[in-house]
Amino acid sequence: MEKYPGHALACKFYLNGGICSLEIGPVMFGKHDEKGQLIPALNELVCLAIPRRVYTQSHIENVAEVFERVVKERQNARGYKIIWEPSFLRSFTAKFEPVIP
C-alpha cells in the first residue's frame with residue numbers, strides 16, 4: 001500500500017490554507033507491473049505555481065505561514081491510498097482516501 005507523501009503534502013497545503021499545488025511523482029507517473037504492484041516514479045515532488053502578476057506580497061506571506069504550519073504539524077500527517085483509478089491520466093481523476101494508522 002502506497003502512502004503518496006507528495007499527494008498528502010499537496011492536500012495539507014489545500015486543507016490548511018487553500019493553497020493549490022500539484023503532486024508530480026508516483027500519482028502522476030507511477031506505473032503498475034504485470035502483478036499489479038506499483039513501480040514508483042523516481043522523484044516525489046510538489047509543484048506550486050505562483051503567477052507573479054496576480055499575487056501580492058500578502059498572498060506570498062500567507063503561503064509562507066501555511067507552509068510553516070504544515071511543517072509544525074508534520075508528525076500528524078497521514079498518507080493517502082488510491083481507492084479508484086482510471087486506466088490512464090489517473091492524476092486527474094483518481095479517488096483517494098486517507099490512510100488510517
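Of the chymotrypsin sites (Phe, Trp or Tyr not before Pro) found in the chain, the ones in coil according to DSSP and having at most 13 other Cβ atoms within 10 Å of their Cβ are Tyr55, Phe88. Between the helical axis of 57-72 and the longest alpha-carbon principal axis of the chain there is an angle of about 50 degrees.
One chain, two ends: Ile50 and Leu89. Fully extended at 0.36 nm per residue, the span grows by 11.6 nm beyond their Cα-Cα distance. FRET efficiency for the pair Ser58 and Leu38, taken as 1/(1 + (r/R0)^6) with r the Cβ-Cβ distance and R0 = 41 Å, rounds to 0.50.
Here the chain is treated with +1 on each Lys and Arg Cβ and -1 on each Asp and Glu Cβ, and its dipole about the Cα centre works out to around 100 debye. Considering helices alone, the calculated mean residue ellipticity of the chain at 222 nm is -10500 deg cm²/dmol, with DSSP H runs of length four and up weighted by -39500 (n - 2.57) and normalised per residue. Only lysine pairs 8 or more places apart, or on different chains, with alpha-carbon atoms under 16 angstrom apart are counted in the chain, and they number 8. A DSSP coil position with no more than 12 other Cβ atoms inside 10 Å describes the following GluC sites (Glu not before Pro) in segment 1-94: Glu34, Glu73. Mean shadow of segment 5-98, computed from the convex hull of its alpha carbons, in nm²? Taking the Cα atoms of segment 5-98, their convex hull projects to 7.1 nm² on average.
Read-outs: derived from the displayed coordinates by stated rules, not from any lab. In this text, all values refer to a predicted model and were calculated from it rather than measured experimentally. Every residue, glycine among them, receives a Cβ derived from its backbone with ideal geometry; neighbour counts consider all protein chains shown.
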